[in-house]
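The values are calculated or read from the model by the stated rules, or taken from the named source; none is laboratory data. Just so you know, these numbers come straight off a predicted model, no measurement behind them. Cβ coordinates were reconstructed from backbone atoms using ideal geometry, including for glycine residues, and neighbour counts include every protein chain displayed.
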Amino acid sequence: MKFNRLYKGILMGAMTMTMAASCSEDYLETSPTDVLEESKVIDGMKADPGKVQAYVTGAYMNFYCGGDYWVSHDDFGIPAIKASTDLWGEDIAYTLDQNWFCYDYQLDNRLGSYRRAGSTWNQLYSVIDYTNTIITMLKPVEGEEPEAAAATMLGEAYSLRAYCYFWLINLWQHPYNVDPDALGIPMKLENEFYRPERVPVKEVYAQILEDIALGYNYLEGKGYHNAKVGLSEYAAAAIYANILMFTGDYEEAAGYAKKAIAGGSLNSEADMLSGFNSLDMPEVLWGYNVNVETTGYYASFFSHFDAYTFGYSGMGYNKMISSHLYDKIADNDVRKKWFGYKEEYNALENAFDYEKNYGLEKYVPNKFRDIYVTSNGSADPFTSAIIYFRTAEMYYLAAEAYYLDKDETNAKAMLNEVTATRIPGYNCTLSGEALYEEICIQKRIEMWMEGCRALDAKRRGETIDRTLSTNHAADLEHFNALKYTGHDYRLIYRIPTKELENNSAILKEHDNE
């Protein structure tokens, strides 16, 4: 049986000590009795679950930064995965279209030999490896209940594994509602269970649903057990709600969205304009606190998406809001202030000559501002927190779920409750398709650059039309990247070349089905 990294580390340590104390011929022992057995390792971990906490911490770290599979400055775990897929859509205009993330914007970063496909695959499966180790160590035998600390870690591991597989299956295949029998992805679970072939989409989703149900049940009632850094019952509910939207169980999706909403309160205007750089924001359900030891510095989200810092965006490679979406924002909407060059934010005196020369100043993003700049340099650069889920997303998800479940009353109630905190006096009275369009556009405004647009477009099969905006890059026509649907083949990654070379269970002719 192959041992995972935890067993290897423990066994190597035991073997080293044994060899140091043995006679010269002892290492030839063919039936050693002084090596720690796997079952004893597991029993020891179950007796003291705190020893497994390092693997929970490692899973979160790899999820945030990519861990061992970080390869470039546009490659930093789930924040980069979300950013790169957001750039597939129509709401972010990368007018200059140069430097990091430009190939994602051009829909030209999907081949198996390219960096994006390989690093995304490796990073997500790496986190899955961590969760598998945690589950193997702590999973109770049938009929027994885990100790409280172990139950919490199991809840985190199952929920995180579900979320990683959710991203993998939706990046390497069309959504569930297109073809549940389509070839999916390999699956690795605990206790060395491994299906190396492309497991069909519906079977991957069956495992995802099983995992998130277990994860949520283990976490339910525990609240924020580790502030907002740990994956809480509210974050698990948010993951669950997103998964259920893809399987079409809209009533349940709305229910879990409301369970997630219970974990936070809606932002004030001051919160909305604070820079989205702290987990203290009332709406935050789950995120990652970055420090000087864990920051990727230039290889970080705020380096690429804060126009006022000295990272890549501060160097002039700005990703702006598209003019079409900008024009959809009401003038009295607080979110309008997320965009438009502001002198008071430019403490580092970055040059915005390009934006000024081409009339793009009003599209400059202010939503994300590094804590180093917003605190006037009293914090360390690029140590802003990363936000994974907010309650606002759950309001819009619930509104859409209710609408699709033919419950317009509750759909409007959820839409109005959140949007009235953005637009004073907002009260939507629309119905039918007009109501649905309003829900979708308000979510696009709200969740701009937070990793929702691509998966929503894929799930709905929406048309992405960049020709409606005036500030998308001129070279997109060359890449045939102006108008396409969420089911375009270019929104599916190819199986990484190294996986094809080392996994004979995946036929090369099936790597793009």
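For the reader, a short list of remarks on this structure follows.
- Checklist (1) in contact (Cβ under 8 Å) with a residue 40 or more places away in the chain; (2) in a helix (DSSP H, G or I) applied to Ala481, failing item: (2)
A quick yes/no check of all residues on (1) closer than 25 Å to Glu393 by Cβ; (2) at pLDDT 95 or above; (3) buried (at least 20 other Cβ atoms within 10 Å of the Cβ); (4) of a type in the set (S, T, N, Q):
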site	(1), (2), (3), (4)
Asp456	yes, yes, yes, no
Thr467	no, yes, no, yes
Thr470	no, yes, no, yes
Ala474	no, yes, no, no
Phe479	no, yes, no, no
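- Check on Asp327, acidic (Asp, Glu), in contact with a Lys or Arg (Cβ under 7 Å, 6 or more places away or on another chain) and either farther than 20 Å from Gly359 by Cα or at pLDDT 95 or above (or both): no
Yes/no matrix, rows are residues, columns are (1) touching a strand residue (DSSP E or B) at 6+ places or on another chain (Cβ under 9 Å); (2) buried (at least 16 other Cβ atoms within 10 Å of the Cβ):
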position: Gly359; (1), (2): no, no
position: Tyr363; (1), (2): yes, yes
position: Arg369; (1), (2): no, yes
position: Thr374; (1), (2): no, yes
position: Gly377; (1), (2): no, no
position: Ala385; (1), (2): yes, yes
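- Residues in the range 78-87 include at least one that is out of contact with any Cys (no Cβ under 9 Å at 6 or more places or on another chain), in contact (Cβ under 8 Å) with a residue 60 or more places away in the chain, crowded, with 19+ Cβ neighbours inside 10 Å and of a type outside the set (A, V, I, L, M).
- Qualifying residue in the range 434-442 (condition: outside any helix (DSSP H, G or I) and either at pLDDT 95 or above or surrounded by fewer than 19 Cβ atoms within 10 Å (Cβ to Cβ) (or both)): no
- The range 209-237, subset closer than 19 Å to Ile128 by Cβ, of a type in the set (Gly, Ala, Ser) and modelled with pLDDT of 95 or more, residue surrounded by the fewest Cβ atoms within 10 Å (Cβ to Cβ): Ala213
- Residue in the range 454-464 that is assigned to a helix (DSSP H, G or I) and without any contact (Cβ under 8 Å) to a residue 12 or more places away in the chain present: no
- Remark: Ala420 falls outside the filter, which requires a residue to be under 24 Å from Gly248 (Cα atoms) and either crowded, with 20+ Cβ neighbours inside 10 Å or at pLDDT 95 or above (or both).
- Residues in the range 397-412 that are surrounded by fewer than 21 Cβ atoms within 10 Å (Cβ to Cβ) and closer than 13 Å to Leu430 by Cβ: Glu408, Thr409.
- Complete set of residues in the range 358-382 that are part of a loop (DSSP other than H, G, I, E, B), hydroxyl-bearing (Ser, Thr, Tyr), under 14 Å from Gly275 (Cα atoms) and touching a residue at least 60 places away in the same chain (Cβ under 8 Å): none
- Restricting Tyr402, Tyr388 to those that are part of a helix (DSSP H, G or I), of a type outside the set (Val, Ile, Thr) and modelled with pLDDT of 95 or more reduces the list to Tyr402.
- The set of residues in the range 177-190 that are under 23 Å from Arg116 (Cβ atoms) and touching a residue at least 60 places away in the same chain (Cβ under 8 Å) comprises Val178, Ala182, Leu183, Pro186, Lys188.
- Single condition Glu450 does not satisfy, out of (1) assigned to a helix (DSSP H, G or I); (2) among the charged types (D, E, K, R); (3) crowded, with 19+ Cβ neighbours inside 10 Å: (1)
- Condition met for Lys202 (over 20 Å from the mean Cα position of the chain (by Cα) and touching a residue at least 60 places away in the same chain (Cβ under 8 Å)): no
- Scanning the range 484-503 for residues that are in contact (Cβ under 8 Å) with a residue 12 or more places away in the chain and either exposed (fewer than 13 other Cβ atoms within 10 Å of the Cβ) or among the charged types (D, E, K, R) (or both) gives Asp488, Tyr489, Arg490, Arg494, Lys498, Glu499.
- Among residues of the range 260-281, those that are more than 17 Å from the chain's Cα centre (by Cα), within 13 Å of Tyr395 (Cβ to Cβ) and not β-branched (Val, Ile, Thr), counted: 6
- Figure legend. Inter-residue proximity from the range 142-160: first residues under 25 Å from Asn62 (Cα atoms), second residues loosely packed, with under 15 Cβ neighbours inside 10 Å, beta-carbon distance below 6 Å, spacing 6+ or different chains. No pairs are indicated.
- Restricted to the range 103-128, and to residues there that are in contact (Cβ under 8 Å) with a residue 40 or more places away in the chain and charged (D, E, K, R), the residue that is surrounded by the most Cβ atoms within 10 Å (Cβ to Cβ) is Arg116.
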